[in-house]
Every structure is written in structure tokens, then in C-alpha cells.
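Here is the structure we will look at.
Nothing in this text is a laboratory measurement; each read-out follows from the coordinates by a stated rule. If you're wondering where the values come from, they're calculated on a predicted model, not measured in any experiment. Heads up, the Cβs are rebuilt from the backbone with ideal geometry, glycines too, and the neighbour counts pull from every protein chain shown.
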Amino acid sequence: MRIGVLGTGTIATAVVRGIATAHDQITVSDRNAQNAQTLAQEFNSVCVANNQTVLDQSDVILLGLMAQDAPEILSVLRFRSDQLVISMMAGATLSELAPHVAPARAAAIMVPFPGIAAGESPVIAQGDIGLVGNVVTSANTVHAVQTDDELSAYLCAQAVLSPVACLVDDAAKWLGTRVSDPDTAQAFIRQLVSSSLTNNRADALITALNTPGGYNQQLRIMMENSGMRGAILDGLTQLEGRK
């Protein structure tokens, strides 16, 4: 599988870094020259070219462009009928993308996250799920969605990552001011949260941590009383309404 990547922003760069050792040839565009050259220096399988050469040298194309810039960029490029295109552009459906990449086939949408650079990351996918799985490899978990509305809901729900990270950061900084090694405090809180959620369903974890009068129960109730859970649900609903 010869893979081409148009766009080398933060997420596209993380994708390339995560899959480079699993594929023999990945050609990345020079739109972000610094990121592209860094990837080429890190991995023997990665080379840098202009947008048209990326297409000419590839069978599967990953689009890591900004959705608003894509029509202009794609309009001057020549795709082949034997090519498959995977969009990583939030907000563009497969039917909207199809005419911009014809005669290639708009095969799938995938939404990766920065953690893909290290593996064991979730990837949201719609369309040709098998193709996405082959690209991101078994090191990552593909979560398939069936419709545009499902994809939109997943995109809204993934936004919980930032507020969760803020909670973890706030707790780690609070702890860091009270112990001798702030870096150890940060590492402890991160490992505690990530390992607990990796090995348990969230609802089961809440139940397990619901010891009457325990620290976890007390803090959860205080935060619930301050409106935390309602704010999360209201925020997700507002995001859904803006799609």
C-alpha cells in the first residue's frame, strides 16, 4: 500500500508518525515543510513531495487539509480512478468530498487523535472501515460509525477530552504545590486516571469509587452539586446544535 498524505499539520503529522513503521512508502506533502522534513528524517519510509507528486506516487490518499481550504487545493490536482481517498477533515461528508477527488473514490472518513503517534489510540471511521484499519494498523482501535449523524455525535462527544485534561491538570497542579516533586504528582494523576478508565467502564468505575464518605464520593458529589455534570451535557447538546 503506497500512502500519500496531503497536509502535514499536527494531526496528520501524528498519523504519519504512528503508521510509518508499518508501511513501506508514505509520501507527505510539503505544505508544512518543517513537519514534513522532520518526518522524512525520522523514518526511512517517508519522503516529501509537492501535492501532485504525492498523488502520482500513491494508491491511498489521506486528506489532512482544512475543510475550508480543500476545494481550492484539490481543484488543481489530478487524481486517478484506481485511487482511494480517506478524509481526515472534520465537517466534510463523503458525498461532499466525492466530486473534489473524482475519478478517485472517496472511500472513508477517519478522525484520529494525537495519541495515534504512539499507538493504542481510538480512531473514528465511516465508510470503508477495512481500509482505515489497514492504514492505521492493529496498533490502534477503529470505532465504526454508520451515518453522518452518528459521526457528528462522535465528533461532539470527543470534545470531552479537553475538559477532562483540564481536570487532570488542575488536580496535578494542586497536588504539585503540596509535595516535593511536582513532576511525580503529574505522572501519578495521569497514570491513575488513564489506567482506571482503560480497565473499567466509566459507570462501573463510578460505582466502585462510591464508598460512602470516601474521598472520591465526596469530591464527585461536591462537583455535581456545583453543576459539573449538567454543564458537560449542556455543552455537548450545544455543540450538536451548531453542526
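Antiparallel DSSP bridges in the chain: what percent, to the nearest 5? Don't skip to the end; give the middle numbers.
On the way: 4 of 29 bridges.
Looking only at bridges with both residues in the chain, the antiparallel portion is about 15 percent.
Using R₀ = 25 Å, calculate the FRET efficiency as 1/(1 + (r/R₀)^6) where r is the Cβ-Cβ separation of GLN218 and SER180; round to 0.05.
On the way: r = 26 Å, r/R0 = 1.04.
The pair GLN218/SER180 has a calculated efficiency of 0.45.
Taking a point 7 angstrom from the Cα of TYR154 along the C-beta vector, which residues in the range 101-121 have backbone N less than 12 Å away?
Counting backbone N atoms under 12 Å from the label point, the list is 108-113.
What FRET efficiency, computed as 1/(1 + (r/R0)^6) with R0 = 41 Å and r the Cβ-Cβ distance, is obtained for ARG80 and HIS143, rounded to the nearest 0.05? Before the final figure, lay out each step's value.
On the way: r = 30 Å, r/R0 = 0.73.
So the FRET efficiency works out to roughly 0.85.
If I stretch the segment between ALA118 and SER196 completely, what's the gain in nm (0.36 nm per residue apart, minus their alpha carbon distance), one decimal? Working shown, then result.
Numbers: separation 78, 0.36 × 78 = 28.08 nm, distance 1.94 nm.
The ALA118-SER196 span can extend by a further 26.1 nm.
Give me the one-decimal nm value for the distance between modelled label points at ARG229 and GLN68, 7 Å along each residue's Cα-to-Cβ direction.
3.8 nm
For THR53 and ASP24, what does the FRET efficiency come to when R0 = 22 Å and r is the distance between their Cβ atoms, rounded to the nearest 0.05? Can you show the working numbers first?
Working: r = 17 Å, r/R0 = 0.79.
So, using R0 = 22 Å, E works out to roughly 0.80.
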